[in-house]
Amino acid sequence: MEYKEFGLDNEKTLLLLPGTCCNYETNFGAVFDALSKKYHIICVNYDGFDGTDTIFPDMITVTEKIEQYIQDNHNGRVDGALGSSLGGSFVGQLIKRQNIHIDHGIFGSSDLDECGVFAAKLQTKIMYPLISSAASNSKKQGKMRKLMTSFFQMSDSVADKFIACFSSFQPESILNEYYTDLITRLGDYIDVPHTRAHFIYANKMGKKYKKRYEQHFANPDIREFDMQHEQWLFGDNNWTEPVLEAIYEFMDMPV
């Protein structure tokens, strides 16, 4: 596990948790400067995605390590936690478990998908070749670049940064991360005193994602944006500033 802290020492703390097969440098690269100018940023790279030879074990083990770091270094609380995609699953677990306190849990287009062991193994078998294809050869990288630029409207340079990130991790870590996210249950109608759950809802993902947000949390604050999954994080688009403004608003709300 890797933890690094940046930004303002005497401002609110914001924990940044990256998504599937990604590190914080790539995942939050487009908004890192803006966030670090307003908050004290705590950045996490999980086991297997931290530049070492460790392997990602499972969601709960990594959650426990994040909790321990916040207990040891921030008196067991943060003002906010922003999880990108799969990072939102960590935010949900951190809120649910209540081993640390989070005033504002912010879920960035997280799908919060869950299923049984058999279905999870099948999904992982299908998705792994797509995620790991970036490490294969230039032809597959080209196909992935085309998909990312057309679907997410990324520039070629941004797509190349994400492809380079994907290709740097060991297959076992990618498999474990994807699979254990699916089988780790969050629970329904979570309601923790003095904690608010905020959702950046990318409506082009589909209505089923919004329904999951309403299922898992008792009083979700859902902000809808007409964009694809985490499109605001890819730079050079119209969504970065509006989503940042929503995050600033979340962080200033009373709990």
Scanning the stretch 157-176 for residues that are surrounded by fewer than 18 Cβ atoms within 10 Å (Cβ to Cβ) and closer than 14 Å to Ser138 by Cα gives Asp160, Ala164, Ser167
Within the stretch 13-61, the count of residues that are more than 20 Å from Glu230 (Cβ to Cβ) and among the hydroxyl-bearing types (Ser, Thr, Tyr) comes to 4
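Taking Ser157, is it of a type in the set (S, T, N, Q) and in a helix (DSSP H, G or I)? Walk me through it before giving the result.
Values: of a type in the set (S, T, N, Q): yes; in a helix (DSSP H, G or I): yes.
When the stated conditions are applied, Ser157 passes them.
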Only one of (1) within 30 Å of Pro242 (Cβ to Cβ); (2) touching a helix residue (DSSP H, G or I) at 6+ places or on another chain (Cβ under 9 Å); (3) surrounded by 23 or more Cβ atoms within 10 Å (Cβ to Cβ) does not apply to Phe56, and that is (1)
Out of (1) among the aromatic types (Phe, Trp, Tyr); (2) closer than 18 Å to Ile102 by Cα; (3) assigned to a loop (DSSP other than H, G, I, E, B), the one Tyr69 does not meet is (3)
Out of (1) part of a helix (DSSP H, G or I); (2) over 26 Å from Leu233 (Cα atoms); (3) not acidic (Asp, Glu), the one Asn75 does not meet is (1)
Just one listed residue, out of Gly76, Gly116, is surrounded by fewer than 16 Cβ atoms within 10 Å (Cβ to Cβ), on the phi > 0 side of the Ramachandran plot and in contact with a helix residue (DSSP H, G or I) (Cβ under 9 Å, 6 or more places away or on another chain), and it is Gly76
Looking across the stretch 236-251 at residues that are modelled with pLDDT under 95 and surrounded by fewer than 16 Cβ atoms within 10 Å (Cβ to Cβ), the single one that is farthest from Asp111 (Cα to Cα) is Asp236
Scanning the stretch 146-163 for residues that are free of Cβ contacts under 8 Å to residues at least 60 places away in the same chain and out of contact with any Phe, Trp or Tyr (no Cβ under 9 Å at 6 or more places or on another chain), the one nearest to Ile60 (Cα to Cα) turns out to be Ile163
So, first residue β-branched (Val, Ile, Thr) in the stretch 105-119, second residue surrounded by fewer than 24 Cβ atoms within 10 Å (Cβ to Cβ) and part of a helix (DSSP H, G or I), Cβ within less than 8 Å, six or more apart or across chains; the pairs are Ile106/Phe250; Val117/Ile183
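Looking at the stretch 82-99 only, could you name the residues that are among the aliphatic types (A, V, I, L, M) and touching a Leu at 6+ places or on another chain (Cβ under 6 Å)?
Filtering the stretch 82-99 down to residues among the aliphatic types (A, V, I, L, M) leaves 82, 86, 91, 94-95.
Residue satisfying the conditions is Leu82 alone.
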In the stretch 226-249, residues that are over 17 Å from the mean Cα position of the chain (by Cα) and either within 26 Å of Tyr189 (Cβ to Cβ) or of a type in the set (D, E, K, R) (or both) total 5
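Please work out if Asn99 is assigned to a loop (DSSP other than H, G, I, E, B), modelled with pLDDT of 95 or more and either under 30 Å from Asp221 (Cα atoms) or of a type outside the set (A, V, I, L, M, F, W, C) (or both).
In short, yes.
The values are calculated or read from the model by the stated rules, or taken from the named source; none is laboratory data. Nothing here was measured: the structure is a model prediction, and the numbers come from that model. Neighbour counts run over all protein chains shown; Cβ positions are idealised from the backbone, glycine included.
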